[in-house]
1. So, in Å, what gap is there between the alpha-carbon centers of the range 1-56 and the range 122-168?
2. Give me the one-decimal nm value for the distance between modelled label points at Ile210 and Thr34, 7 Å along each residue's Cα-to-Cβ direction.
3. Starting from the Cα of Lys2, step 7 Å along the direction of its Cβ; do the same at Thr20; then give the gap between the two resulting points in nm.
4. Tell me which of Ile167, Ser152, Ala208 sits at the most positive position along the dipole axis of the range 146-217, charges placed on C-beta atoms (Lys, Arg +1; Asp, Glu -1).
5. Tell me, what is the FRET efficiency for Arg287 and Cys179 to the nearest 0.05, using R0 = 35 angstrom and their Cβ-Cβ distance as r?
6. How big is the dipole moment of the range 134-199 about its Cα centre under a simple scheme where the beta carbon of each Lys and Arg is +1, that of each Asp and Glu is -1, and everything else is neutral? Debye, nearest 20, please.
7. Under the rule a/c < 1.5 gives rounded, and otherwise a/b versus b/c splits prolate from oblate, where does the range 126-211 land using the Cα gyration tensor?
8. To the nearest 0.05, how large is the calculated FRET efficiency for Leu187 and Thr41 if R₀ is 22 Å and r is the Cβ-Cβ distance?
Amino acid sequence: MKIDRLIGILSVLLQSKQTTAPELAELFEVSRRTISRDIETLCKAGIPIMTLQGSGGGIAIMDGFRVDRTILSSKDMRMIMAGLRSLDSISGSSYYTQLMEKLELGSSQFISGKDSLLIDLTSWYGKSLTPKLEIVQSAIENRHLLSFRYYSPSGDSKRNIEPYYLIFRWSSWYVWGWCQKRKDYRLFKLNRMQELKESEKNFVCREAAIPDLSDENVFKGEPFTVKIIFERDVKWRLIEEFGMDCFKEEKDGKLLFEHEYNDMDSLISWLLTFEDKAELLEPKKARIKMKQLSEKMSVIYREESDK
């Protein structure tokens, strides 16, 4: 990925007095032309890089800038390394490990201090998820269309999209792209994608802005206020998911929970995880739906002797 390579090049330039385009091309396994474009990108970002032609020439950062370390501090580098390790936890290759080795090369004095931030992005679906991540990343970099069968609450369908962003949000992985079927940008959850393939067909890149993934924008719907009475022994879950201020303790020790929702189905699914430790008070429409659901479930799970 280009951003990883730019960070790596910057690290090399900060640690060495001078290097050359062929040396950088060999280190990062790309062409000299790619290195030239990367150097131009760093210059546009305000990094004072100078290039000297001829015998004894090369690429270097201006001395004063390098000595001051004004671009990356030791803490900055540790954060970068933590981020790369988090990506390595879900990578199916050794790419990020190799990149970390390149960053650490000759920088033992610069990267000081003990690592104290560990991020593991692996999931229960690691074996099936990692190949999908690789396919999506490749399609984004190559500007290739993605095709897949998508499974959602409304059913399953065949989709073809222009992929723009690979996103980790709400403890899951998603791809954001232009859906040819819906003629609009859509967010697709990787775990719901099957028969995922990278097409050899290129697409013309749109001016795709970074998606607004706020809960209000993604989970659209008319908001409604929820009131639920919880048993005291599930207080830990409420604190974990919503914080201390989400409930009021009643005189009998039970917890009155109030919160805004805009998705009835997700509310009921969440409530079911509490079994008999929760009673939904409001809204009335949701309470009726919960009652109907519990009656259907009681029929399914009635004792054999009652049949």
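1. One Cα centre to the other: 32 Å.
2. 2.5 nm
3. A separation of 2.7 nm, rounded to one decimal place.
4. Ser152
5. Numbers: r = 36 Å, r/R0 = 1.03.
In this case the efficiency is close to 0.45.
6. On the way: 12 positive and 7 negative charges, 62 e Å.
Here the size comes out at about 300 debye.
7. Numbers: a/c = 1.29, a/b = 1.19, b/c = 1.09.
It comes out rounded by the Cα gyration axes.
8. Values: r = 29 Å, r/R0 = 1.30.
In this case the efficiency is close to 0.15.
Coordinate-derived values only; no laboratory data. These numbers were taken from a predicted model, which means no experiment stands behind them. Neighbour counts run over all protein chains shown; Cβ positions are idealised from the backbone, glycine included.
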